[in-house]
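Data block below; observations after.
No lab work stands behind these numbers, since they all come straight from the coordinates. Worth saying up front: this structure is predicted, and the values here are computed from it rather than measured. With ideal geometry, Cβ positions are generated from the backbone for all residues, glycine too; neighbour counts draw on all protein chains shown.
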Amino acid sequence: MTRIKNVSNEINKVLYEWSSESKEEIDHLKQVEIYRREFLSNVSHELKTPVFSVQGYIHTLIDGGIEDADVNMHYLNKASKGIDRLISMVDDLESISRLESGELIVELRTFDLHDLAQDIIESVELQSKERGVTIKLESSENKPIYVYSDKDMVRQILVNFIVNSIKYGVKDGVTKVRLTESDDKVIVDVEDNGIGIEKVHLPRLFERFYRVDKSRSRDQGGTGLGLAIVKHILEALGEGVQVDSEVGKGTRFTFSLPRSK
Ligand SMILES: Nc1ncnc2c1ncn2[C@@H]1O[C@H](COP(=O)(O)OP(=O)(O)OP(=O)(O)O)[C@@H](O)[C@H]1O
Ligand SMILES: [Mg+2]
């Protein structure tokens with residue numbers, strides 16, 4: 001009798017475990033489905049704006065604008081800008097889906113972070129000059145600073161932070177890119193004296209498509225994917241990221257990389 005009872009208890013236990021495991025799996029699948037649906041609707045919403053704007057300019061040109069020497073080049077330039085924007089969105093979407101599906105290969109090697117930062121600052125010069133933002137690279141000495149990481153990934157992170165500091169900085173503002181060496185790490189700060197971010201937004205800042213001020217961000221050509229990409233990359237590198245910000249004063253993003261031995 002006790003044996004039958006024991007067996008029956010055992011069966012109950014197995015069934016209970018099985019049903020709670022299945023429930024967890026179903027909950028997970030439901031969550032994935034919600035996430036997928038949200039992602040698709042965000043993507044199509046974001047793509048619509050530049051697609052309609054390009055369509056508008058091209059229709060106007062077809063409807064006779066092409067003959068009007070005063071506007072034709074202007075409309076073509078606008079349409080071309082819209083296409084550039086679409087391409088950069090598609091590139092970001094591709095990056096994010098590769099990162100989220102875990103298809104990411106990290107290629108570690110030693111490189112000079114000071115040199116890379118300088119290179120990036122030069123590459124965004126056109127944008128920074130346009131907004132009158134000065135970008136300063138600060139390190140203890142102007143010597144090479146060797147880190148052991150994935151150079152392309154670090155480039156993507158720095159470009160995102162630096163371009164954001166230009167877009168959301170004040171006109172004629174200053175961005176400081178600071179490299180500080182500690183025992184086994186190099187700490188990287190990108191700090192601006194721009195509009196800042198209210199505390200309530202900080203926990204959600206790294207979510208895909210999250211923008212504090214949608215209209216301002218869209219004016220700057222922002223989709224809200226940059227920081228989501230940065231976070232994924234830093235996770236793949238096994239590093240975290242910190243953000244400190246004060247409205248009206250500025251914002252500082254901090255992360256670190258292993259020093260090359
Ligand atoms: N340095 C900053 N100062 C103030 N706000 C910022 C700063 N960096 C980011 N933000 C806010 O965080 C939001 C998310 O940034 P994120 O880089 O993910 O998107 P984005 O710059 O709008 O678009 P994308 O990077 O896809 O072109 C921005 O829309 C902006 O509102
Ligand atoms: Mg950005």
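Numerical summary
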| item | result |
| --- | --- |
| 222 nm mean residue ellipticity, helices alone, for the chain (DSSP H n ≥ 4; -39,500 (n - 2.57); rounded to 500) | -18500 deg cm²/dmol |
| Under-5 Å amide H pairs with I145, H placed in peptide plane, nonlocal only | L113, H114, D115 |
| For the range 73-97 versus the range 5-27, the gap between their alpha-carbon centres in whole angstrom | 53 |
| Orientation-averaged projected area, Cα convex hull of the range 1-135 (nm²) | 17.0 |
| The range 118-146 versus the range 176-198: alpha-carbon centroid distance in Å | 13 |
| Per-peptide average of other Cβ atoms within 10 Å, ordering 222-234, 194-206, 165-177 highest first | 222-234, 165-177, 194-206 |
| Residue pairs, from the table K81/K185; K78/K249; K129/K231, whose Cα atoms sit over 32 Å apart | K81/K185; K78/K249 |
| Peptides 38-49, 178-189 ordered by average Cβ neighbours within 10 Å, highest first | 178-189, 38-49 |
| E138 long-range amide H proximity, modeled H, under 5 Å | V177, R178, L179 |
| For the chain, the spread of Cα positions along each principal axis, largest first, Å | 97, 59, 36 |
| Cα-derived Rg to Rh of the range 109-258, Kirkwood definition | 0.94 |
| Distant-in-sequence amide H partners of V170 (H built 1.01 Å from N, under 5 Å) | N193, G194, I195 |
| Under 26 Å from the Cα of K13 - lysines, other chains or at least 8 residues apart | K5, K23, K30 |
| Sorted peptide list for 14-23, 132-141, criterion being average Cβ within 10 angstrom, highest first | 132-141, 14-23 |
| Under Karplus coefficients 6.51, -1.76 and 1.60, residue-wise ³J(HN,Hα) of the range 245-260 in Hz, glycine/proline x | 8, 9, 4, x, 10, x, 9, 10, 9, 10, 8, 9, 9, x, 6, 7 |
